[in-house]
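These notes are about the structure you will find just below.
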Amino acid sequence: MESLSFILMIAGIALVCILLVKLLAKPIKIVFKLLINAGLGFIILFIVNFFGGFFDFSLGISFVNALVAGVLGVPGVIILVLLKLFG
């Protein structure tokens, strides 16, 4: 009888673990995608500032620029460049 309750307990724990993984998979994927966008945005912002120095162009690293580049990624940096050029 003890072995049956042990097997049921292990099966219950496995079921809970599977449910937790399925429940948390989408938010973890979203956070991972946001981190990749933030990294790419920061790298592109750095590259724009580096090469923009040759043409007397700089975006500056501010909280707003970092937030836009981090959340939107490459399109965010393009928007920042366009705003700087035409704004």
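For region 13-71, the set of residues classified as part of a helix (DSSP H, G or I), within 17 Å of Lys84 (Cβ to Cβ) and among the β-branched types (Val, Ile, Thr) consists of Ile44, Ile47, Val48, Val64, Val68, listed by residue number.
Being of a type in the set (Phe, Trp, Tyr) and either surrounded by 12 or more Cβ atoms within 10 Å (Cβ to Cβ) or in contact (Cβ under 8 Å) with a residue 24 or more places away in the chain (or both) is the filter here, so list the residues in region 54-87 that pass it. Selection gives Phe57 alone.
Looking only at residues of region 72-87 that are within 23 Å of Ile36 (Cβ to Cβ) and among the small types (Gly, Ala, Ser), we find that the one that is modelled with the lowest pLDDT is Gly73.
Scanning region 33-53 for residues that are of a type in the set (A, V, I, L, M, F, W, C) and loosely packed, with under 13 Cβ neighbours inside 10 Å returns Leu35, Ile36, Ile47, Phe50, Phe51. Ser3 meets the conditions (1) closer than 30 Å to Leu80 by Cβ; (2) assigned to a helix (DSSP H, G or I) in every case but one. The failed one is (1). The set of residues in region 1-45 that are polar (S, T, N, Q) and within 30 Å of Ala69 (Cβ to Cβ) contains only Asn37.
The values are calculated or read from the model by the stated rules, or taken from the named source; none is laboratory data. What you see is a predicted model, and the numbers here were worked out from it, not measured in a lab. For neighbour counting, all protein chains shown are included, and Cβ atoms are generated from backbone atoms with ideal geometry for every residue, glycine included.
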